Amino acid sequence: MDPQPGRLALEEEPEPLSIAALYRQVQAAVAAAFPRGDVQWVRGEIQSISDRTGHCYMDLVDPDTARGRDTPVLKVNCWGRTWGPLKRSLESQGIILEPGVVVSLRGRVEFYAPKGQINFNASDVDVSALLGRMAARRAALLQTLEREGLLRRNQALAMPAVPLRIALVASQGSEGYNDFVGQIHGSGLAFSVVLFRANVQGPGAPASVVRALRAVSGSDCDVAVVVRGGGSRGDLAAFDAEPVARAIATLPIPLWSGIGHTGDQSVADIVANQAFVTPTACAQELVRRVVEWWASVARSAGRIGQCAVDVLEAASVRDATARRRLGIATRNQLSRHSERLDRRVAQVATSARRQIDFAGGSVERRAMRLGPRALAVLDRHQDRAETWRRLLAAYDIDRQLERGYTITLRPDGRVVRSASELGPGSTLITRFSDGRASSTVDETELRPTNKGQR
């Protein structure tokens, strides 16, 4: 039924609330629902986090609900006096709060009137839950590496017998770097250390270590070494990162880790060829290997030297024995041959005397016959030689020139044998018995031959 018209005029409208009054009612409702003495636990996924001002501010959302414009967001404050010690405690255990991490926070609910929003003032974090999730991720990573055949891949690489060329992945000047290099240089051995700089702590450490390891893979070093000094579990978090583990596992040369820690091994330690608790221990093992190799070489050289001495001594004894035997045998042979030679000489002398005595008379008779025959042969050869001398004298050029003949020559000394060899202007040299004369041809005339040629 419609209200009566006159009644509306008699009823009064309620007074509007001021914003402050409205917020006081909301504050009262919140205080009634969450008394200030009550401490609540809230679980949510970090959507954003900031602590630049010394206080920590987070936005939490439900991890198991779909995200959209209407997704509930809880504003979380952790004031500096609480956040400072809490942050240091988390980092010491390797826990870093970042977007995507699901956390359980303890704190109080309050209504913040200046912004008209419900805030959650956090005072603690459930560390055990976070550690459990970290352990689960680590175990899952190790299982994945095992399944892919990467967990022990670097361990299967053989170490060189003398690892003198070292690729060092470290932060130059850090405690771990100084400890390692001090041991290597103090050894006095011919180590060669090539530094591949990397940040080994902080948010950018995993990517920096991976870049350094990729550079190492292109080097010709014998062994790679990753070192850093001691620190909390949070300081060593980079060596639990999956990219670092994969870079170590796929490295083509053996990698040793010298990551200072006293607790559990990092994932990098597990996939490395060998792991040491400190950089110093890592360097000392490298030095020990080279020293032992050199000692083994020295021992082998000593054994070889002693064997050589023994062989030489045995050979000397055999040589002396052989010399004595050879001397005795030589003297015996010389004695026998000397006696045989004496007998042979005596036999030859006797035979020669007999031959001489036998041939003496016949030699004298033959000598008497040979004398006249030799003289006759000499006379015949002398006559023949005189005949040849006369013949050669008849063909002597100088004798022919003395008889009035001449010889016509060219300037180069060749004999002119035919007029056809000459022409007007040719120079001739005519040789006489008492000298020579030069002339020039003005004209030549050839006698006809049988064929009518001139």
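The values are calculated or read from the model by the stated rules, or taken from the named source; none is laboratory data. The structure displayed is predicted, hence computed values, not measured ones. Backbone-built Cβ (ideal geometry, glycine too); neighbour counts: all protein chains shown.
Points to keep in mind about this one:
- Here the condition is being part of a strand (DSSP E or B), of a type outside the set (K, R) and on the phi < 0 side of the Ramachandran plot; of A140, A167, it holds for A167 alone.
- L86 outside the structural domain of Q201 (by TED's automatic domain parsing), surrounded by 14 or more Cβ atoms within 10 Å (Cβ to Cβ) and outside any helix (DSSP H, G or I): no
- Where a residue in the stretch 378-402 is in the same structural domain as S433 (by TED's automatic domain parsing) and its partner, wherever it lies, is acidic (D, E) and assigned to a helix (DSSP H, G or I), with Cβ under 8 Å and at least six apart: none
- The one condition in (1) within 26 Å of V200 (Cβ to Cβ); (2) touching a strand residue (DSSP E or B) at 6+ places or on another chain (Cβ under 8 Å) that R52 fails to fulfil: (2)
- For the stretch 432-443, a tally of residues being surrounded by 11 or more Cβ atoms within 10 Å (Cβ to Cβ) and either at pLDDT 85 or above or not assigned by TED's automatic domain parsing to the domain that holds L409 (or both) returns 4.
- Tally, over the stretch 36-59, of residues that are exposed (fewer than 11 other Cβ atoms within 10 Å of the Cβ) and at pLDDT below 75: 3
- Pairs are defined by a Cβ separation below 7 Å, a sequence spacing of at least 6 or placement on different chains, a first member in the stretch 188-211 that is under 21 Å from V290 (Cβ atoms) and part of a loop (DSSP other than H, G, I, E, B), and a second member that is modelled with pLDDT of 95 or more and not β-branched (V, I, T); no pair meets this definition.
- The stretch 394-420: number of residues that are basic (K, R) and modelled with pLDDT under 80: 2
- Note on the stretch 214-320: enclosed strands (runs of 3 or more DSSP E) holding 3 or more residues that are of a type in the set (A, V, I, L, M) are 223-228.
- Complete set of residues in the stretch 54-75 that are free of Cβ contacts under 8 Å to residues at least 24 places away in the same chain and not in a loop (DSSP other than H, G, I, E, B): Y57, D59, V61
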